[in-house]
Amino acid sequence: MFERILHANDGSEGAMKALGAALDLARRHHAELHMICVEELPSFPATMDEVREERMEAQHRFTQVIARAEALAKGQRVRLHAHVLAGHPVRVITEFAREQRTDLLVTGFMGHSALYNRVIGSTTDRLVDLAPCSVLVVK
Amino acid sequence: MENPWLASALWIGLALVASVLSIWVAMSVALVEIVVGAVAGNLFGLPIAPWVDYLAGFGAILLTFLAGSEIDPQVVCRHFWSAMSIGVMGFLAPYAGVLLYAHYVAGWAWPQAQIAGIALSTTSVAVVYAVMVETGYNQTTLGKIILAACFVNDLGTVLALGIIFAQATVWLAVFAAATALALWFLPRFAPWFFSRVGHRVSEPETKFVALVLFFLGGLASVAGSEAVLPAYLVGMALAPAFLKDPELPHRMRVVAFTILTPFYFLKAGSLVRLDAVIGGAGLIAVFLAVKMATKFVGILPLTRTFRFGRREGMYTTLLMSTGLTFGTISALFGLNKGIIDQAQYTILVTAVIGSAVVPTLIAQRWFQPAEAPPKAAAPAEEAEHV
């Protein structure tokens, strides 16, 4: 049923739980599995270095996330394609899903604080709204 | 608040709140500091002691210096004509347009209209750079030309700020001569000096740079000019040395963003009056519209001349309509010198903040170039692990 699965990972424990589900689905369906990590850049920065430092910080964090994900994928004998892209998470993930013609997006519950989620909405809410494919939210 | 330590605690507390908020909402700490400063200033009034003025002023000088040091001279040389013409028009068109509107339509006096023109002539290199990184255009020729043009645009702004209000006295000649000498001498001497003293906890390199900035800034001030002018020029002169040794500007940024620029941005925000924002909402919108319209008049035809595609041309023009740091620096200069009043300052700063947000959103939503650079082909932007 699923040929191309995309897993969005922000490095949180919730995302790693979702990775487990994505690996399981990819193995069962013999699907191609992609994992995307998004470096969220500050909007309207004052200096270029602010942008560079944010990227370096994210790259450092995601190197560890990717290493951990690859080890899990190897254990399940699944081939994992990891991608690190910069930008707004919702826009980047949905555009990537569209470009890759993904059948299924698997994500953990990616949010902010309870107040932020209530007022502005969580990243997951918007992914469910805007993704061009089915979305599995793992809690 | 008389007690300097309690006053410091208040300012640094607000800076800390702004830092945490900026991480939470993924926005620039500078923008959040302006907003926090505005809220605090309107709610309970932030006391601005002379030492706050000093730290804020030093913050603005260091911020301008660091902005100048981010230029890549090789890129400017390689795309000299396109970067120069787009950058010059990017400054001149909005400067003239806003100046004339402020004077003839809004009824501002010439010096006040000059400040408006300068404050809204800017381009935010950092905002443009962030959008380029997001879209992958920072790796392309188009992206490099746009960034180089932004530096030229901002150079126009600091030159205007430094020259228009200067008095033609002997001190102006002394200041000009000292700056010219420093710009010739520094690229030769500084790399040698930096290599001799090395990276030490006592930071001799940072002290050397501060010495140059204070001295030239002092001469600028005596000449009736503005200290950010030599700061930007010295930053540009030292850019090649900083490109070779990025650790030094990084350490200077840590110093600046920890204890100096928060005072500058919080102060800039605290002087924004809510009643003036409400009362001047129409003028704020018109100034923003004039800035964007004149950027289009100045830049869009040049993008055609240099054979940018239609969407690329629109995208470039919109990105160059952004502005933040130099806009607030120009408006604060006007307020500090008594050229504009607080209501006019409020109108200009709010329009400047609007110019950081509105053109970026329009560019990203409707005018991303049709043929985006292939992300998989840009190794710095994407790493594939199998």
Task: 222 nm mean residue ellipticity, helices alone, for chain B (DSSP H n ≥ 4; -39,500 (n - 2.57); rounded to 500) - done: -25000 deg cm²/dmol
Task: Electrostatic dipole magnitude of segment B:181-307 [Cβ: Lys, Arg +1; Asp, Glu -1; Cα centre; debye, to 20] - done: 340
Task: Loop-exposed trypsin sites (Lys or Arg not before Pro) per DSSP, neighbour cap 14 Cβ within 10 angstrom, longest uninterrupted part of chain B - done: B:1-199
Task: Cα gyration tensor, chain B - rounded (a/c under 1.5), prolate or oblate - done: rounded
Open item on the list: Within chain A, what whole-number % of the accessible surface is contributed by carbon and sulfur, with the 1.4 Å probe and all protein chains included in the calculation?
Closed with: 50
Task: Pairwise centroid distance, computed over Cα atoms, of segment B:236-266 with segment B:1-52, Å - done: 21
Task: Antiparallel %, DSSP beta bridges [both residues in the protein assembly as shown], to 5 - done: 5
- [ ] Calculate the spin-label point distance for B:PHE185 paired with B:ILE259, positioning each point 7 Å from the Cα along the beta-carbon direction, and give it in nanometres.
- [x] 2.8
Open item on the list: Could you derive backbone 3J(HN,Hα) for segment B:148-159 from the dihedral phi with the Karplus parameters 6.51, -1.76 and 1.60 (θ = phi - 60°), listing whole Hz in sequence and x where the residue is Gly or Pro?
Closed with: 4, 5, 4, 4, 5, 4, 5, 4, x, 5, 5, 5
Task: Cα centre as origin, Lys/Arg/Asp/Glu Cβ charges: chain A dipole, Debye - done: 580
Task: Relative contact order computed over segment A:32-87 (Cα-Cα under 8 Å; 6+ residues apart), in percent - done: 61
Open item on the list: From the phi angles alone, apply the Karplus equation (6.51, -1.76, 1.60; θ = phi - 60°) to segment A:60-71 and give each ³J(HN,Hα) in whole Hz, x where the residue is Gly or Pro.
Closed with: 4, 5, 6, 4, 5, 5, 5, 4, 5, 5, 5, 5
Task: Within 10 Å of each Cβ in A:84-96, the average number of Cβ atoms from other chains - done: 3
Task: Computed over chain A: relative contact order in percent, which uses C-alpha pairs under 8 Å that are six or more apart - done: 33
Task: C-alpha center-to-center spacing [segment B:55-122, segment B:339-365] in angstrom - done: 14
Task: Residues in segment B:261-300 reached by a label modelled at B:ASN336 [backbone nitrogen below 12 Å; 7 Å Cα→Cβ] - done: B:264-265, B:267-268
Open item on the list: Give me the three principal axis extents of segment B:300-352 from the C-alpha atoms, as integers in angstrom, largest value leading.
Closed with: 45, 16, 15
Task: Contact surface B-A: accessible area buried, both sides summed, square angstrom, 1.4 angstrom probe - done: 3100
Task: Cα lying deepest toward the dipole's positive end in the protein assembly as shown, options A:GLY11, B:THR135, B:LEU332, charges on Cβ - done: B:THR135
Task: Estimated distance in nm for a label pair at B:ALA176 and B:ILE12, the labels positioned 7 Å out from Cα along Cα-to-Cβ - done: 4.4
Open item on the list: Given the DSSP H assignment, sum -39500 (n - 2.57) over each helix run of at least 4 residues in chain A and divide by its residue total; what's the result at 222 nm in deg cm²/dmol, nearest 500?
Closed with: -16000 deg cm²/dmol
TODO: Before anything else, pin down the relative contact order of chain B: Cα pairs under 8 Å, at least 6 apart, normalised by residue count, whole percent.
DONE: 29
Open item on the list: So if I take the alpha carbon set of segment A:14-78, get Rg, then get Rh from the Kirkwood formula, what is the Rg over Rh ratio?
Closed with: 1.13
TODO: List the residues whose amide H sits under 5 Å from the amide H of B:LEU46, counting only those 5 or more places along or on another chain, with H placed 1.01 Å from N in the peptide plane.
DONE: B:GLY41
Task: For B:248-255, mean number of other protein chain Cβ atoms within 10 Å - done: 2
Open item on the list: Test of understanding: extend the Cα→C-beta vector of A:LYS139 to 7 Å, then name every residue of segment A:70-107 with backbone N under 20 Å from that spot.
Closed with: A:105-107
Task: Simple Cβ-charge dipole of chain B, Lys/Arg +1 and Asp/Glu -1, about Cα centre, in debye nearest 20 - done: 600
Open item on the list: How much accessible area per residue does the protein assembly as shown have, counting only protein heavy atoms and a probe of 1.4 Å, in square angstrom?
Closed with: 43
TODO: Averaged over every viewing direction, what's the projected area of the C-alpha convex hull for the protein assembly as shown? Give it in nm², one decimal, please.
DONE: 25.9
TODO: Round to the nearest 10 and give me the degree value, 0 to 90, for the angle of helix A:89-99's Cα axis relative to the longest principal axis of chain A.
DONE: 40
Open item on the list: I need the P(r) histogram for chain A: all alpha carbon pairs, bin width 10 Å from 0 out to the longest distance, whole percents.
Closed with: 12, 43, 34, 10, 1
Open item on the list: Run the numbers for B:THR141 and B:ILE278: contour at 0.36 nm per residue of separation, minus the present Cα-Cα distance, in nm.
Closed with: 45.1 nm
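The values are calculated or read from the model by the stated rules, or taken from the named source; none is laboratory data. Please read these numbers as outputs of a predicted model, since none were measured by experiment. Heads up, the Cβs are rebuilt from the backbone with ideal geometry, glycines too, and the neighbour counts pull from every protein chain shown. Keep in mind that these areas ignore ligands, DNA and RNA; they rest on the heavy atoms of the full protein, side chains included. Shrake-Rupley method; radii C 1.70, N 1.55, O 1.52, S 1.80 Å.
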